[in-house]
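Below is one structure, written out as structure tokens, with a few remarks after it.
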Amino acid sequence: MSNSGSGNQGIAATLPVVIYAEENRCDEEHLLRALMLSHLTVIYIKQSLGRLSALCGCVVAATGSACGITLLMGGEYREVTYAVQNMIANLTGMICDGAKPSCSLKVTTGVSTAVLSAVMAMEGRCVSCVEGIIEEDVDRSIRNLTRIGSEAMDETDRMVLEMMTNKEK
């Protein structure tokens, strides 16, 4: 259940989709398509972030879940892109400070937001391109997200690492 080298990201990209499918009695084919969409979305976003980033990978993985859940809700391309836009608008900037118990809290935040983003997308609601880093084109919004994670958060990454390694005991 790993994605992009992370078990936590694999969990965030898989379990919410599986649980939604089970609770809504979706057939196996729809579940498999939704899981594939979820994981491929995460891989697509992560490939522009690089191996390590101060940006929380579980939030990226939850973006994949938002896509899979939207598909299971009957969404099509438009609704799936809305879900991605809503996730980017909501959770960009959450930092990663290592995989540990607090990471599970971030997974929970990401998954809760994924469900909210999917519901909003199915209602035709999406953060507009006049706000923040959201662009009209979802790929450009993803590029904005990954630029923040791979370029703008370099100093954040250094500071988090410094804080983690210089704790008083």
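The values are calculated or read from the model by the stated rules, or taken from the named source; none is laboratory data. Every value quoted in this text rests on a predicted model; they were computed, and no experiment measured them. Methodologically, a virtual Cβ is constructed for each residue, glycine included, from the backbone with ideal geometry; neighbour enumeration extends over all protein chains shown. Surface accessibility is based on the protein's heavy atoms, side chains included, excluding ligands, DNA and RNA. Shrake-Rupley method; radii C 1.70, N 1.55, O 1.52, S 1.80 Å.
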What's the long-distance tail for segment 1-60, i.e. % of Cα pairs beyond 14 Å? 54 percent
Sulfur and carbon atoms: percent of accessible area, segment 1-92 [1.4 Å]: 54 percent
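Apply the Kirkwood formula to the chain: the hydrodynamic radius equals the inverse of the mean of 1/r over all pairs of different alpha-carbon atoms; give it in Å with one decimal. Provide the component values of the computation, followed by the final result.
Details: mean 1/r = 0.0629 Å⁻¹.
Result for the chain, one decimal place: 15.9 Å.
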Roughly how many debye, to the nearest 20, is the charge dipole of the chain about its Cα centre, given +1 on each Lys and Arg Cβ, -1 on each Asp and Glu Cβ, and no other charges? 440 debye
Using alpha-carbon positions, what is the distance between the centroids of segment 87-149 and segment 27-47, in Å? 17 Å
Using the beta-carbon distance between Leu52 and Glu131 and R0 = 25 Å, what value does 1/(1 + (r/R0)^6) give for FRET efficiency, to the nearest 0.05? 0.30
Once Lys and Arg get +1 and Asp and Glu get -1 on their Cβ, which of Val160, Gly75, Thr14 lies farthest toward the positive end of the dipole of the chain? Val160
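Rg/Rh for segment 110-169 to two decimals, with Rh computed the Kirkwood way over all alpha-carbon pairs. Please report the intermediate quantities before stating the final value.
Details: Rg = 16.5 Å, Rh = 14.2 Å.
Rounded to two decimals, Rg/Rh equals 1.16.
Counting only heavy atoms of protein chains, what accessible area per residue, in Å², does segment 13-102 have with a probe of 1.4 Å?
Numbers: 4360 Å² over 90 residues.
That works out to 48 Å² for each residue.
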